[in-house]
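Here is the structure we will look at, set down as structure tokens.
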Amino acid sequence: MGEAQFEIILDHYRNPRNYGEMPNATVKVKDSNPLCGDVVEVYLKIADSGVVEKATFRGHGCAISQASASMLIETIQGKSLNELKNLSKQHVFDLLGIEVGPVRIKCALLPLKAVKTAVYTYLGIKMDSKEFEG
């Protein structure tokens, strides 16, 4: 991992963007990784048009999980639910800008899983959880 990318990840970990509870959220989902103790709670305010008006998160855990949450939440503002449904693991890996080892894959993908669970919950559709298996 390059020094610059390491600093970006640490900055998102230490100074998370869009951090905090959203009392008027349309949907919220809390998820965790029991293996390492990471927790992410995602809040989405969804407009009638199906666009994310605002997204925030709360959580605690390792630098990878929390930086991933900060980066992901920052990028989904203004996106349609369809765009969120189509977000991939690779999108998260690209945001992080590092090769995520097998031990940290679940940490990195926890925020994506929470976002997608929130979208599918809002739409009333069952999500295929196999998408997030290591």
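Here, each number is a calculation from the coordinates, and none is a lab measurement. Quantities reported herein were computed from a predicted structural model and do not represent experimental measurements. All Cβ positions, even for glycine, are placed from backbone atoms using ideal geometry, and neighbour counts span all protein chains on display.
Might you check whether a residue that is within 13 Å of Val119 (Cβ to Cβ) and surrounded by fewer than 20 Cβ atoms within 10 Å (Cβ to Cβ) occurs anywhere in region 47-67? Spell out how you get there, then give the answer.
So in region 47-67, the residues within 13 Å of Val119 (Cβ to Cβ) come out as 50-52, 55.
After this cut, where a residue has to be surrounded by fewer than 20 Cβ atoms within 10 Å (Cβ to Cβ) as well, the list is 50-51.
Yes, because at least one residue in region 47-67 is within 13 Å of Val119 (Cβ to Cβ) and surrounded by fewer than 20 Cβ atoms within 10 Å (Cβ to Cβ).
Specify which of the listed residues (Leu96, Leu123) is within 16 Å of the chain's Cα centre (by Cα) and either within 21 Å of Leu35 (Cβ to Cβ) or not hydroxyl-bearing (Ser, Thr, Tyr) (or both). Show your work before the answer.
Numbers: Leu123 fails: within 16 Å of the chain's Cα centre (by Cα).
Testing whether each residue is within 16 Å of the chain's Cα centre (by Cα) and either within 21 Å of Leu35 (Cβ to Cβ) or not hydroxyl-bearing (Ser, Thr, Tyr) (or both) leaves just Leu96.
Looking at region 94-127 only, could you name the residues that are without any contact (Cβ under 8 Å) to a residue 60 or more places away in the chain, within 20 Å of Thr56 (Cα to Cα) and of a type outside the set (Ser, Thr, Tyr)?
Taking region 94-127 and keeping what is without any contact (Cβ under 8 Å) to a residue 60 or more places away in the chain, we get 94-95, 100-105, 108-109, 112, 116, 120, 123-127.
Okay, now just the ones that are also within 20 Å of Thr56 (Cα to Cα), so 95, 108-109, 112, 116, 120, 123.
Answer for region 94-127, where residues must be without any contact (Cβ under 8 Å) to a residue 60 or more places away in the chain, within 20 Å of Thr56 (Cα to Cα) and of a type outside the set (Ser, Thr, Tyr): Leu95, Ala108, Leu109, Leu112, Lys116, Leu123.
Do you know which of the residues in region 69-88 that are farther than 13 Å from Tyr19 by Cβ and in contact (Cβ under 8 Å) with a residue 40 or more places away in the chain is surrounded by the fewest Cβ atoms within 10 Å (Cβ to Cβ)? Spell out how you get there, then give the answer.
Of all residues in region 69-88, those farther than 13 Å from Tyr19 by Cβ come to 75-88.
Those still in the list that are in contact (Cβ under 8 Å) with a residue 40 or more places away in the chain too: 77, 81.
Values: Gln77: 16, Leu81: 19.
Out of the qualifying residues, it is Gln77.
Within region 91-128, count every residue that is part of a loop (DSSP other than H, G, I, E, B) and among the β-branched types (Val, Ile, Thr).
Taking region 91-128 as the starting set, the residues that turn out to be part of a loop (DSSP other than H, G, I, E, B) are 97-104, 124-128.
If we keep only those that are among the β-branched types (Val, Ile, Thr) too, we end up with 98, 100, 103, 125.
Adding up the residues that qualify gives 4.
Listed here are the residues, each with its yes/no results for (1) under 11 Å from the mean Cα position of the chain (by Cα); (2) farther than 14 Å from Arg104 by Cα.
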position: Ile46; (1), (2): no, yes
position: Ala55; (1), (2): yes, yes
position: Gly59; (1), (2): yes, yes
position: Leu72; (1), (2): yes, yes
position: Val92; (1), (2): yes, no
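Could you list, in sequence order, all residues of region 1-40 that are in contact (Cβ under 8 Å) with a residue 40 or more places away in the chain, of a type in the set (Val, Ile, Thr) and touching a Ser or Thr at 6+ places or on another chain (Cβ under 7 Å)?
Once the filter is applied, which keeps residues that are in contact (Cβ under 8 Å) with a residue 40 or more places away in the chain, of a type in the set (Val, Ile, Thr) and touching a Ser or Thr at 6+ places or on another chain (Cβ under 7 Å), region 1-40 yields Val27, Val29, Val40.
Anything in region 60-105 that is more than 20 Å from Glu7 (Cα to Cα), in contact with a strand residue (DSSP E or B) (Cβ under 9 Å, 6 or more places away or on another chain) and of a type in the set (Gly, Ala, Ser)? List them, or say none.
Gly78, Ser80, listed by residue number.
Tally the residues that are under 20 Å from Ala63 (Cα atoms), touching a Lys or Arg at 6+ places or on another chain (Cβ under 7 Å) and surrounded by 11 or more Cβ atoms within 10 Å (Cβ to Cβ), restricting the search to region 12-38.
Here the count works out to 4.
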